[in-house]
Each structure stands twice: as C-alpha cells, then as structure tokens.
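Structure, as structure tokens:
The values are calculated or read from the model by the stated rules, or taken from the named source; none is laboratory data. Keep in mind that what you see is a predicted model, and the values were worked out from it rather than measured. Cβ sites come from the backbone with ideal geometry, for glycine too, and all protein chains shown count toward neighbours.
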Amino acid sequence: MGRLVILSGPSCVGKGPLHRALKLFYPQLAGELKKVVLYDSRAPRPGEVDGVDFHFRTREYIEQLRNKDNFLVTDVRGDLQALDLNYLRETIAAGNAFFEGNPVIGMELTGLAQREKIACLNVFLSPLSGAEIEDIRGRRDINFEMMLTDMMRRKLLRRTKKQKGTMLPADIENIEVRAGSAYKEMKEAWRYDFVIPNHDGEDSENWDAFGYPVGDARAALLCFAEILTGGNPAYARKWAEGLLP
C-alpha cells in the first residue's frame, strides 16, 4: 500500500513547473509518484496532452459522471473536474499516487484519505511567505485580498501571453476567475502539512531558462524534494489557522 501525495496552491503559483523540475532533477523521487489524471471540461493549454495532463472532455460528458458512484465531480474555478475514485484507490494499492492541482480537489482528497485510512502527505505552494503575510496584516493601508488578487492576476496574464500571444475576452474572464479565487484557496493553506513559499510562479523564467532552477524556484524544488524524503525543511512551514487577514 502506497500513500497519496498532494501538491496544491492557487492557479499559476508554480505547481506544474515544480513537478516538471522534480522529474528532471530528481527522477528517482518523481518516478515513485504516479500522477493522478483528472477529467477536465476546459480546453487544453498549449503543450498539454490529453491523458497525460488531464482527460479533456466536454462539460456535458463530465456532468454525466455525477451519476456514477465512483466519480468525484467538482466545480473548480468555473470548470468541471472529475476523478475516478476506483482508479485512485488502485493506484495507491500499487504504490504512491500524486495529485498536482487546485486546493478544492486537494482538500477533497485529503478528506478521502482520512476517511479511508490512506497515508497522505499534503503540501501547499504559496505565492507569499508566512512572514510576509504577517507584515501585511499589520498595515491598515493594504487590502490583502485585493493585493493577492492583483498579484495572481499579473502572473496569470504573463503566463497566458507567453502561451497564447494574443488573448481573447474569454481568456481575460478566465484569468479574473482564477485570480479572484486565490484568497479563498489561501485561507485553506493552514490545513496542509507543509506550506512552501514561492514567488516564482508558472510565469517565471527561473524554472527552465538557465538550465537549472534559480531563485525561489530552486528553493521550492529543494524543499519539496526534502519533504518527499521525510525531511522537515526550515524553508517550509505549517501555518497557523487564521494567519490570513
């Protein structure tokens, strides 16, 4: 029997690049984790592969999965996502399963692991450190939720421009939904075993432009690798409930 490893965080915080860096620089560690592939109603982004990143299906197709007992179907930032729970259980029975994605599904899986007595390690990737949040809390001239939304909006805009070049109105609308969900998702970070701060989101070139991750990308990679091997790195923290203002 294996365990379930969860890596969650707001959209564009850097979860995907962190997983790719783990596969490149820690292939043995990454090889011990079989990625859990969900169904998703959104269209693939440039470079995404059906069956590898997600099972891309129509919204109508995923809606029908609600009628099956073995599927968990959830509305995530306006998209429908679904997970085959039997597939997840079979994966864990054979080894370690790895979920990389949004905190909505992340918390659903954490609850499932608790109910079914499955060993679980959950990690949250945050665009701010706990110390930064504590500093911001003391300033009455800063609206934290607005600040965080703007921070993630900028990351998402840069990512989308890099991926697609010209953005359509639907892209802008999607960015607003994703950026606007970050505050609510961050409020759940205290429930995770570890929170890794990472300013190098998915928009950052620090992940792959120089042959090796640099800056926060490097720190997050080293920290995540240490956590996976049973360490308790000083760079990561267990957040207290109520840390966010």
All positions within the range 212-226 that are part of a helix (DSSP H, G or I) and buried (at least 20 other Cβ atoms within 10 Å of the Cβ): ASP216, ALA217, ALA220, LEU221, CYS223, PHE224
Qualifying helices (runs of 4 or more DSSP H) (wholly inside the range 1-110; at least 2 residues being crowded, with 17+ Cβ neighbours inside 10 Å and in contact with a strand residue (DSSP E or B) (Cβ under 7 Å, 6 or more places away or on another chain)): 15-25, 85-94
Residue within the range 116-134 that is surrounded by fewer than 15 Cβ atoms within 10 Å (Cβ to Cβ), at pLDDT below 95 and more than 29 Å from ALA225 (Cβ to Cβ) present: no
Evaluation of ALA219 against (1) touching a Gly at 6+ places or on another chain (Cβ under 7 Å); (2) free of Cβ contacts under 8 Å to residues at least 40 places away in the same chain (one fails), failing number: (1)
Filter pass, THR160 being crowded, with 17+ Cβ neighbours inside 10 Å, in contact (Cβ under 8 Å) with a residue 24 or more places away in the chain, farther than 19 Å from HIS19 by Cα and of a type in the set (Ser, Thr, Tyr): no
Positions within the range 178-199 being part of a helix (DSSP H, G or I), surrounded by 24 or more Cβ atoms within 10 Å (Cβ to Cβ) and hydrophobic (A, V, I, L, M, F, W, C), in sequence order: ALA182, MET186, ALA189
Subset of the range 20-37 [more than 11 Å from PHE98 (Cβ to Cβ) and among the charged types (D, E, K, R)]: ARG20
